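Here's the structure, in structure tokens; my notes come after.
The values are calculated or read from the model by the stated rules, or taken from the named source; none is laboratory data. Remember, predicted model here, so these are calculated numbers, not experimental data. Because the Cβ atoms are built from the backbone with ideal geometry, glycine has one as well, and the counts that use them run over all protein chains shown. When the accessible area is computed, the model is the full protein with side chains, heavy atoms only, and any ligands, DNA or RNA have been set aside. Shrake-Rupley method; radii C 1.70, N 1.55, O 1.52, S 1.80 Å.
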Amino acid sequence: RGADVYAYLDAAEHAGARPTLRPNWRSDQGLLDAYDVLFGDTRLGHADIAYRKVRAAEPNRAARLHGAPVATPLRVRVVARHDPDVRRTPTGWSSALSARDYIARDAAADIAGLLAAGPTLEGDGSLGAADVAVLVRKNDQARAVKVALQDVGVPAVVNGAGSVFATETARDWVRLLEALERPESLPRARAAALTPFLGWTADAVAGASDEGWDALQQRLHTWAGLLRRNGVATLLEAMSAQQRLAERLLSVLGGERELTDLRQLGELLQAAAVDGRLGITALAAWLRRRMAADDRDAGAEDRLRRLESDAEAVQVLTVHRSKGLEFPVVYCPYLWDPVWISDEAAPAIYHDAEHGDARAIDVAMDPRDVAYAAHVAQDHDEQRGEELRLAYVALTRAKHQAVIWWASTYNSRDSALGRLVFGGAAPPGRRDPEQAAGAARERFAALAAAAPGAIVLERALIARGARFSPQEPRAADLEAAALHRRLDPRWRRMSYSAITAGAYEARVASELEEAAGADDPPGDQPLPLADATGDEAALLAAGSLLSDMPAGTRVGTLLHQVFEETDFAAADLTVELSARVARARRGRTVDVGDPVVLVDGLRAAIETPLGPLVGDRRLRDLAPADRLDELTFELPLVGGDRPDGELTLEAIADVLREHVAADDPLGGYADRLADPMLKAHLRGYLTGTIDLVARIDGGYAIMDYKSNRLAAADEPLTAWHHRPAALAEEMQRSHYALQALLYAVALHRYLRWRLPGYDVDRDRPALLYLFLRGMTGPDTPRVDGTPCGVFAWRPPAALLPALSDVLDRGRPA
């Protein structure tokens, strides 16, 4: 974007090699011959940018456009200076404004004649409207050409016109909103009457009676009330029904485009009105601001014009937007028309040769300053050089034929085409229009003679009565579709939650967790504090900071949002967490207890060491660049879209029995996969989202946040409930172990794909399940060096490849 050609020149100067594509795979040889004569030895705005002669690829040596009214590859249509339809200036030159309008109509008539002739493209069938492009410099030229094409019945679209706010339909919406703002204003009512919403003609407006205007203003009052009460969407539906809007617009050429723009703007206005609670006046002001922004909003997806059936129309687009595209036939109506360069003093923008062609700006703006005058001249030369390059881009979009125009206006000698035609010779003077026109005709004739059969010189004479009437498509025989494909009822896109849903009724995975403790295994209840001794007493005495935080899925969802958005490394973590909690609570009504206590508890969790497996690093130590939050994955199971088997939990269990020792914290979990409440047969895709993937000391860790309450509702929550043995049991009982293994396989495949030199032994991740209620800060109690509240486990090196293979093949390798 904003590419500076001098940057490319600098790159070319430092390049070790300059490979050149010699065969041209786009254009016919005849068109290339024409361009060789037209461009000659031209330098395109810089001594180092040369036009290179190439040959067409072997299949394109002969002409591939057949049956066109004029088959010559390059057609030059000259506007006669004395043509009665082209006005002249007082000094005898063709009026540029009149010539532009005349050429737009001439191009439209010529395109209509071309399409009516039904030419064919070798190997591609008939030439249709979408095979023709009209390339212009500015959007107002594009709109003028589109109107001229529609006047002769040729469907056309201003392709890539950018923002829908830059359309005439947006102006129609403004006129309507202004009339609804003040329905009693007769001038505003008249302006609204001429919009598509009401569809009055100019004659109808001129001849309307007072009674007619009274009726219209009453209707505007009614619509204004409807807009205030029910919004833009309801208003649009009412107007569409009352005014038969779709029927009226679709009955005219180009109506589908107008109706599409109208509805798209209605949707945007509705969204703006709801989001900003805008009344009619504010809504009209909002639309005017969007229109003033014009193409600066074109990159926003909702503002891009929707194309619908534009593919069947002539493509009218600017040269800039045509870069990289190609079309069988290209019309360039305005290469004779130079871009206006003001003579008034203004900052000169140029490239300073004395400083490595650095881009510079001279703001002296004093014509008497010799240096400034030289910089202005260089600025103008660079602008005209850019016009030459754009002319090259425009002409080289054509595959088979290009059509250009010439009009002898006062400034046409400064245009890109003028500089190409007259080359290094002195262009004709500006004192004698007749002499200039004659010199141009002679020069074009010389070019045509230099490329026999490749260039033809024509007089631009609008074909009166030219009109294109596309053939109606033949009605097709219709028949009801029959489903012959056999459906696979076992195929699903499933998540870990779907696999384990039956085991927990309404309990789901990492994002949505309910209170636990009521169904704790017998014999796992803590002793009364008075009966406990030693380490157990210390754990029972260490209370949870989040013991009183309510449990449930809504709280779990809120906490996940807070952790996803929080910068753990923020200088003031309390302020950071307070802002994130407040933001999350604004989006939903959730009882989290005392927000201050919640922030203190979350800060403590973030500052809790995560154990020796990760060098006792904390979440607090993770910089944003070392975090990948909410990593979503989708893995095919045993063939994915085309399954050739199914994955069973028993196959996963067999891999675990082979690779996980009995004394491992997850030892014995393989037997739990036989739980009949689990979904044992899997077919399709596995999807999921990992809460956090962290990069720690060159290694990787998967982290999952758990807000479970691992005690009965009336029982104080302590570190004893979050000791390593209790967490290992919870990992197996709640099948979090299965979730962790599936996440580890997903990250294994991701790193294998994205990490150069990936080594499964070195790079296999640590799995950390963070039970937030048990993480109480730097002084969190430890058992055998492992902090409470953190379950940390690294899978054996051979386990992840084996599990990945099982997901692929459905059985152990």
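Just one of the numbered conditions (1) on the phi > 0 side of the Ramachandran plot; (2) touching a Lys or Arg at 6+ places or on another chain (Cβ under 7 Å) is not true of residue 698; which one? If we test residue 698 against (1) on the phi > 0 side of the Ramachandran plot; (2) touching a Lys or Arg at 6+ places or on another chain (Cβ under 7 Å), just (2) comes out false. Residues in region 59-71 that are within 24 Å of residue 100 (Cα to Cα) and either hydroxyl-bearing (Ser, Thr, Tyr) or touching a strand residue (DSSP E or B) at 6+ places or on another chain (Cβ under 7 Å) (or both): 70 only.
The C-beta contact set for region 50-77 (first residue polar (S, T, N, Q), second residue assigned to a loop (DSSP other than H, G, I, E, B), distance under 8 angstrom, 6+ apart or interchain) comprises 60/25; 60/26; 60/27; 60/28; 72/453; 72/454. With respect to (1) part of a helix (DSSP H, G or I); (2) within 30 Å of residue 233 (Cβ to Cβ); (3) of a type outside the set (Val, Ile, Thr), the lone exception for residue 144 is condition (2).
Scanning region 662-686 for residues that are open to solvent by less than 50 Å² (accessible area, probe 1.4 Å), more than 19 Å from residue 492 (Cβ to Cβ) and of a type in the set (A, V, I, L, M) turns up 666, 670. Of all residues in region 357-391, those being in contact with a strand residue (DSSP E or B) (Cβ under 7 Å, 6 or more places away or on another chain) and in a loop (DSSP other than H, G, I, E, B) number 1. Within region 6-32, residues that are modelled with pLDDT of 90 or more have Cβ atoms under 7 Å from residues that are part of a helix (DSSP H, G or I) and surrounded by 10 or more Cβ atoms within 10 Å (Cβ to Cβ) in these pairs: 24/32; 27/60; 28/60; 29/60, counting only partners at least 6 apart in sequence or on another chain. With the structure loaded, tell me whether residue 265 is touching a residue at least 24 places away in the same chain (Cβ under 8 Å), under 26 Å from residue 154 (Cα atoms) and either open to solvent by 30 Å² or more (accessible area, probe 1.4 Å) or out of contact with any helix residue (DSSP H, G or I) (no Cβ under 9 Å at 6 or more places or on another chain) (or both) or whether it fails that test. Considered against the rule, which asks whether it is touching a residue at least 24 places away in the same chain (Cβ under 8 Å), under 26 Å from residue 154 (Cα atoms) and either open to solvent by 30 Å² or more (accessible area, probe 1.4 Å) or out of contact with any helix residue (DSSP H, G or I) (no Cβ under 9 Å at 6 or more places or on another chain) (or both), residue 265 comes out as no. Just one of the numbered conditions (1) among the polar types (S, T, N, Q); (2) open to solvent by less than 20 Å² (accessible area, probe 1.4 Å); (3) out of contact with any Lys or Arg (no Cβ under 9 Å at 6 or more places or on another chain) is not true of residue 94: (3). Report, by residue number, each residue of region 328-379 that is under 26 Å from residue 98 (Cα atoms) and modelled with pLDDT of 90 or more. 329, 330, 331, 332, 333, 334, 335, 336, 337, 338 - these are the residues of region 328-379 that are under 26 Å from residue 98 (Cα atoms) and modelled with pLDDT of 90 or more.
Of the residues making up region 614-661, those that are under 21 Å from residue 488 (Cβ atoms) and open to solvent by 40 Å² or more (accessible area, probe 1.4 Å) are 634, 636, 639, 641, 642, 644, 646, 650. So the check is Cβ under 7 Å with 6+ separation or different chains; which pairs have a first residue in region 561-580 that's farther than 17 Å from residue 694 by Cα and a second one that's assigned to a loop (DSSP other than H, G, I, E, B) and of a type outside the set (Phe, Trp, Tyr)? Here the result reads 576/566; 576/567; 576/570; 577/566; 580/566, each pair linking region 561-580 to a residue that is assigned to a loop (DSSP other than H, G, I, E, B) and of a type outside the set (Phe, Trp, Tyr). When you scan region 763-784, do you find a residue that is in a loop (DSSP other than H, G, I, E, B), open to solvent by 10 Å² or more (accessible area, probe 1.4 Å), in contact with a Lys or Arg (Cβ under 8 Å, 6 or more places away or on another chain) and of a type in the set (A, V, I, L, M), even just one? No.
Residue check: residue 401 meets all listed conditions (1) open to solvent by less than 50 Å² (accessible area, probe 1.4 Å); (2) outside any helix (DSSP H, G or I); (3) without any contact (Cβ under 8 Å) to a residue 24 or more places away in the chain but one, namely (3). Within region 542-556, identify whether any single residue is in contact with an Asp or Glu (Cβ under 9 Å, 6 or more places away or on another chain), modelled with pLDDT of 90 or more and within 24 Å of residue 678 (Cβ to Cβ), and answer yes or no. The answer is yes, given that some residue of region 542-556 is in contact with an Asp or Glu (Cβ under 9 Å, 6 or more places away or on another chain), modelled with pLDDT of 90 or more and within 24 Å of residue 678 (Cβ to Cβ).
Residue pairs whose Cβ atoms lie under 6 Å apart, separated by 6 or more positions or on different chains, with the first residue in region 125-151 and acidic (Asp, Glu) and surrounded by 18 or more Cβ atoms within 10 Å (Cβ to Cβ) and the second assigned to a strand (DSSP E or B) and modelled with pLDDT of 90 or more, are 131/328. For residue 184, indicate whether it is open to solvent by 10 Å² or more (accessible area, probe 1.4 Å) and either touching a His at 6+ places or on another chain (Cβ under 7 Å) or in a helix (DSSP H, G or I) (or both). In short, no. Of the residues making up region 38-83, those that are under 21 Å from residue 447 (Cα atoms), open to solvent by less than 60 Å² (accessible area, probe 1.4 Å) and part of a strand (DSSP E or B) are 50, 56, 74, 75, 76, 77, 78, 79. Among the residues of region 404-417, write down those that are open to solvent by 20 Å² or more (accessible area, probe 1.4 Å) and over 23 Å from residue 49 (Cα atoms). Result: 410, 411. Note on region 264-284: among residues that are more than 22 Å from the chain's Cα centre (by Cα), in a helix (DSSP H, G or I) and among the aliphatic types (A, V, I, L, M), the one that is farthest from residue 166 (Cα to Cα) is 274. For residue 354, the conditions (1) without any contact (Cβ under 8 Å) to a residue 24 or more places away in the chain; (2) part of a loop (DSSP other than H, G, I, E, B) all hold with the exception of (2). For region 220-262, the candidate set comprises residues that are surrounded by 14 or more Cβ atoms within 10 Å (Cβ to Cβ) and small (Gly, Ala, Ser); within that set, the residue that is modelled with the lowest pLDDT is 254.
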